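For reference, the structure is listed below as structure tokens.
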Amino acid sequence: MMTDTTNQRFSRRTLLKGSAALAGVAAAGKLSTFPTPALAQEPVTLRYLSTAVNQSPAIAAKAGEDLGINIEYIAVTTDDVAKRVITQPNSFDLVDTEYFALPKLLPSGNIMGLDASKIKLADKIASVIRNGTVDGKKVGLDGTAPAEVLYLPSEQATEFAGEETGFLTLIPTTYNADTLGIRPDLIDGPVDSWAALLDPKFKGKAAILNIPSIGIMDAAMAIEARGDMTYGDKGNMTREEIDATIAALIEAKRAGQFRAFWTDFNESVNLMASGEVVIQSMWSPAVTAVRTQGIPCKYQPLKEGYRAWASGFGLPVAIADREKDAAYEFINWFLSGWAGAHLSRQGYYPAVLETTKEELEPYEWAYWYEGQPAEQDIKSPDGKVLEKAGATRDGGSYDERMGSVACWNAVMDENIYMIRKWNEFIAA
Amino acid sequence: MTKTLEAPADAGAAPQDKRRDAAAGRVRRTSWTPRWVAYAQAAPMALVFLLFFVLPLVATFIVSFWNYTEYSIEPAFVTTNYTDVFYGCFSGGSALCTTFATYLSTLKFVAIVWAATLGIGFTVAYFLAFHVRTLPMQITLFMICTIPFWTSNVIRMISWIPLLGRNGLVNETLVSAGLIDTPIEWLLYSDFAVALALIHLYTLFMVVPIFNSMMRIDRSLIEAAYDGGASGFQTLTNVIIPLVKPGILIGSIFVVTIVTGDYLTIGIMGGQQIASVGKVIQTQINFLQFPIAAANAIVLLAVVLLTIWGMLRLVDIRKEL
């Protein structure tokens, strides 16, 4: 339970004033043992709300060491992050949520913009997030692309700004391009298209996400790749498109295409590692997790491109001054390199590439970002060998992977209708 | 049981008193305890019920008539949530609507699990009550039945997965024994897996009340049946089963209500491919559609209450206790 500790909270300014007064008092030689709140004050704690995937104990430990800030993780599922922001806005100090949740989070008025002038590296944030380009070339912007929901006209605005402003909705923490994960040892022949997800060849051995907003996009990628239909915008389907997509999914389900559905990162790892499933839409760190168990798993690049996602830090409107200062301090630290390098070793991409490069070993940078063969064994953050020397990253370099993004995770205008149809699919 | 229930409480004794008093033609109190004490004794539980059961239920009922958007719920009085729950159910199409299909699937599991737990539970209880001779031994064996319940039911459920999987213990054993060539697929993430896990989890809920009822059967009744020339089977059907009906009913209520509302077991063992009302509600809550989730919850509650009402019509549980 949260107890209200407002009366014990001090901004840095009053803290300084307090210590100056104390120094004066001490110099005068009086009351040197008088207990003061400034000395008794505990390190500030930030309650960090996000999915379990984004919560690395090492980052919390390192932040505690460097900044003296205590990070308290609150781990919930993707859907629950959004639910909690809307229903319990006082229960966290920092939220790490996906950009696609913004169209429903922002109108609630529970999160506020981040002041770009307080973020040192704001203008160094990767261009794919800032304006949807990689190396000067536009990527696919179907769905809720971060570039479309990044700016706010003012700190407490509840609508997005059309152009670049001084207030950001979320500061990116991690982003990536998702594709199908496969077990190359259990699959014959090449897989090069999203259509493989619904290919009867993998009957009873495919899986799909039971997070409707993401699952339906994977299905749409597969259906479009199969040549059944083309979508206007896969991230914002019409009712007819939703009906057709769900009908195709129901047909595949009745034919026994799917082994299981999953909602949680760890479920997808278990399905793949146990061999229950040989092909499924996966998240990059899940592939890494399967590989660290010594089981071959490939993050297969596909000709139609990737479904991208991006996640970032947001601030609750109700945040207290002391926590707000600490949050900015933590975000600045997060962008300064160490955290970026840590996340890169799990296969994520970080907000600021320049500082990450400084923190990574040159051979690591070459493997993770330039698509070059590993000069030495590639290790995960906890020191386990991920790849032997000579291996190259699935999908190649940063520019190749992020440059081939076809669509972004999204919440549709017809979301309520879509969920009703999705429940129909589950019940079929 | 009857005596311990009624003896200490004034409220419990009252109806009998009244009957006796009515015969005597005047009101006479037999207890020294003031009348309000009974209410005071019942008050804490009543308060807990009011706060944590009645109020949330009323709130759920009210919210089920509200409007909602992606990020807010608004007080209103609309019935669209209920029409959405039954969307397509009465349009006369050949396919079942989502809600009916979901309830039908749930009903199927209720029937399978009820029949299986009743069969197993009755047999286990019968063995404990009539074949084990000494009380210490009965208690020991009964305790052994409860040992699996010392762990969380999620763990008991998940431990089936490595056993039943495609490369699981059962399949590997069968393949290496040469009984089958390719692994059996329907062992996991199937109706079978769901039914198996549910039966495993809830059989004890049948054993306990049936065992309790059996222990209270007067042994001389059974002897009398034998003396009267009844066969073992006739004793079972004419003496034992009628006398353990309340136990069977209580066990059935437990099993039926739990299985109707279950979505965790169905989700995990069914690979999330099998619908359950709980899962539908969960999806809607995750997408902040509280009013329609509330409407679904009210419908589910109505179905469960109807079932219990129907079961109580079969056995007058108050008379039997």
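The values are calculated or read from the model by the stated rules, or taken from the named source; none is laboratory data. Quick caveat, the model's predicted, so the values are computed rather than measured. Note that each Cβ is placed from the backbone with ideal geometry, even for glycine, and that neighbours are counted across all protein chains shown. Side chains included, ligands, DNA and RNA excluded: accessible areas come from the protein's heavy atoms. Shrake-Rupley method; radii C 1.70, N 1.55, O 1.52, S 1.80 Å.
With the crude spin-label approximation of a point 7 Å out along Cα→Cβ, what separation in nm comes out for A:THR392 versus A:THR158?
Rounded to a tenth, the inter-label distance reads 5.1 nm.
Zone of A:TYR363 (label point 7 Å along Cα→Cβ, backbone N under 20 Å): which residues in region A:281-324?
A:292
Give me the number: length gained by fully extending A:GLU65 to A:GLU251, i.e. 0.36 nm times residue separation minus the C-alpha to C-alpha distance, one decimal in nm.
Working: separation 186, 0.36 × 186 = 66.96 nm, distance 5.42 nm.
Gain in length upon complete extension: 61.5 nm.
For a quick size check, give me the Cα extents of region B:95-320 along its three principal axes, largest first, whole Å.
For region B:95-320, the Cα spread along each principal axis is 63, 51, 34 Å.
How far apart, in nm, are two points set 7 Å out from the Cα along the Cα-to-Cβ line at B:ARG216 and at B:THR33?
The two pseudo-label positions are separated by 2.0 nm.
Could you please report the charge total around A:TYR369, scoring K, R as +1 and D, E as -1 over all other residues with beta-carbon less than 10 angstrom from its beta-carbon? Show your work: numbers first, answer last.
On the way: positive: A:LYS357, A:ARG393, A:ARG401; negative: A:GLU364, A:GLU370, A:ASP399.
Every neighbour counted, the sum reads 0.
Compute the angle between helix A:57-67 and the longest alpha-carbon principal axis of chain A, please, reported from 0 to 90 degrees and rounded to the nearest 10.
30
Compute the separation of the alpha-carbon centres of region A:107-130 and region B:166-241 and state it in Å as a whole number.
61
Give B:LYS108/B:LYS279; A:LYS124/A:LYS357; A:LYS205/A:LYS234; A:LYS234/A:LYS421; A:LYS205/A:LYS421 a once-over and call out the pairs whose C-alpha atoms are over 18 Å from each other. Please list the in-between numbers first.
Working: B:LYS108/B:LYS279 16 Å; A:LYS124/A:LYS357 13 Å; A:LYS205/A:LYS234 25 Å; A:LYS234/A:LYS421 16 Å; A:LYS205/A:LYS421 24 Å.
From B:LYS108/B:LYS279; A:LYS124/A:LYS357; A:LYS205/A:LYS234; A:LYS234/A:LYS421; A:LYS205/A:LYS421, over 18 Å: A:LYS205/A:LYS234; A:LYS205/A:LYS421.
Within 10 Å, count the other beta carbons around each residue, average over each peptide in B:77-85, B:98-106, and list them highest first. Working shown, then result.
Values: B:77-85: 15.6, B:98-106: 19.8.
Packing order, densest peptide first, comes out as B:98-106, B:77-85.
State the extension gain, in nm to one decimal, for the chain segment bounded by B:MET45 and B:LEU107, taking 0.36 nm per residue of separation less the distance between their alpha-carbons.
On the way: separation 62, 0.36 × 62 = 22.32 nm, distance 3.29 nm.
Additional length available on full extension: 19.0 nm.
Angle, helix A:415-427 long axis vs. longest principal axis of chain A, Cα atoms, 0 to 90°, nearest 10?
Compared with the principal axis, the helix lies near 50 degrees.
Kindly state, to the nearest 0.05, the FRET efficiency for A:MET229 paired with B:LEU236, given R0 = 60 Å and r defined as their beta-carbon distance.
On the way: r = 63 Å, r/R0 = 1.05.
Approximately 0.40, to the nearest 0.05.
Please give the Cα centre distance for region A:303-362 versus region A:213-273, rounded to the nearest Å.
One Cα centre to the other: 30 Å.
Enumerate the helices in chain B for which the Kyte-Doolittle hydropathy averages 1.0 or more and the C-alpha atoms extend at least 30 Å along the helix's axis, using complete DSSP H runs.
Numbers: long enough: B:98-126 (41 Å, 1.28); B:191-215 (35 Å, 1.67); B:290-314 (36 Å, 2.04).
Once both thresholds are applied, what remains is B:98-126, B:191-215, B:290-314.
With a 1.4 Å probe and all protein chains left in place, how much accessible area per residue does chain B have, in Å²? Can you show the working numbers first?
Values: 18440 Å² over 321 residues.
I get 57 Å² per residue for chain B.
Any cysteines in chain B with zero other Cys Cβ atoms under 4.7 Å from their Cβ? List them, or say none.
B:CYS145
If you place +1 on the Cβ of every Lys and Arg, -1 on the Cβ of every Asp and Glu, and leave all else neutral, what size is the dipole of region A:292-428 about its Cα centre, to the nearest 20 Debye?
Working: 14 positive and 21 negative charges, 112 e Å.
Charge dipole, region A:292-428, about its Cα centre: 540 debye, nearest 20.
I need the calculated FRET efficiency for the pair B:SER72 and B:LEU306, taking r as the beta carbon distance and R₀ as 41 Å, to the nearest 0.05. Each step should come with its number before you reach the end.
Working: r = 33 Å, r/R0 = 0.81.
Efficiency for this residue pair is about 0.80.
Lys and Arg at +1, Asp and Glu at -1: add these up for the other residues within a Cβ distance under 13 Å of A:PRO200 and post the number.
On the way: positive: A:LYS201, A:LYS203, A:LYS205, A:ARG226, A:LYS253, A:ARG254; negative: A:ASP199, A:GLU251.
Net charge around A:PRO200: +4.
Can you sort B:THR237, A:THR355 by 1.4 Å-probe accessible area, starting with the largest?
Numbers: B:THR237 55, A:THR355 20 Å².
Most to least solvent-accessible, the answer reads B:THR237, A:THR355.
Which of rounded, prolate, oblate describes region A:356-428, given a ≥ b ≥ c as roots of the alpha-carbon gyration tensor eigenvalues and a/c under 1.5 marking rounded, otherwise prolate only if a/b is larger than b/c?
Working: a/c = 3.34, a/b = 2.48, b/c = 1.35.
It is prolate, given that a/c is not under 1.5 and a/b is the larger ratio.
Going by average Cβ neighbours within 10 Å, how do the peptides A:149-156, B:302-309, A:55-62 rank, with the highest at the top?
Numbers: A:149-156: 17.9, B:302-309: 13.0, A:55-62: 15.4.
Order by mean packing, descending: A:149-156, A:55-62, B:302-309.
How would chain A be classified by its alpha-carbon gyration tensor: rounded, prolate or oblate, with rounded meaning a/c under 1.5 and the a/b versus b/c comparison settling the rest?
Numbers: a/c = 2.12, a/b = 1.67, b/c = 1.27.
Cα axes put chain A in the prolate bin.
Which value, in debye to the nearest 20, gives the size of the charge dipole of the protein assembly as shown about its Cα centre, when Lys and Arg are +1 and Asp and Glu are -1 at the Cβ? Don't skip to the answer; put the middle values down first.
Values: 60 positive and 73 negative charges, 659 e Å.
Roughly 3160 debye, rounded to the nearest 20.
What does the average come to when, for each residue of peptide A:132-145, you count the partner chain Cβ atoms lying within 10 Å of its Cβ? Could the numbers behind the result be given before it?
Details: counts 0, 0, 0, 0, 0, 0, 0, 0, 0, 0, 0, 0, 0, 0.
Average per residue, whole number: 0.
Classify region B:178-273 as rounded, prolate or oblate from the Cα gyration tensor: take a ≥ b ≥ c as the square roots of its eigenvalues, call it rounded if a/c is under 1.5, otherwise prolate when a/b beats b/c and oblate if not.
Values: a/c = 4.62, a/b = 2.06, b/c = 2.25.
Verdict is oblate for region B:178-273.
Averaged over A:414-427, how many beta carbons belonging to a partner chain fall within 10 Å of each residue's beta carbon? Numbers along the way, then the final one.
Numbers: counts 0, 5, 8, 0, 1, 7, 10, 1, 4, 10, 10, 3, 13, 17.
Partner Cβ neighbours, averaged per residue: 6.
What is the mean number of Cβ atoms from other protein chains located within 10 Å of the Cβ atom of each residue in peptide B:280-292, rounded to a whole number? Intermediate results must be reported in sequence, preceding the final value.
Working: counts 7, 1, 2, 10, 4, 4, 10, 13, 8, 4, 2, 0, 3.
Mean number of neighbouring Cβ atoms from other chains: 5.
Suppose R0 equals 51 Å; then what is the FRET efficiency for B:PHE61 and B:LEU135 from their Cβ-Cβ distance, rounded to the nearest 0.05? Present the calculation step by step, with values, prior to reporting the outcome.
On the way: r = 48 Å, r/R0 = 0.94.
E between B:PHE61 and B:LEU135, to the nearest 0.05, is 0.60.
From the C-alpha gyration tensor of the protein assembly as shown, pull out the three semi-axes of the equivalent ellipsoid (sqrt of 5λ each), sorted largest to smallest, in whole Å. Kindly include the intermediate steps, with their values, before the conclusion.
Details: eigenvalues 578, 273, 143 Å².
Largest first, the protein assembly as shown gives 54, 37, 27 Å.
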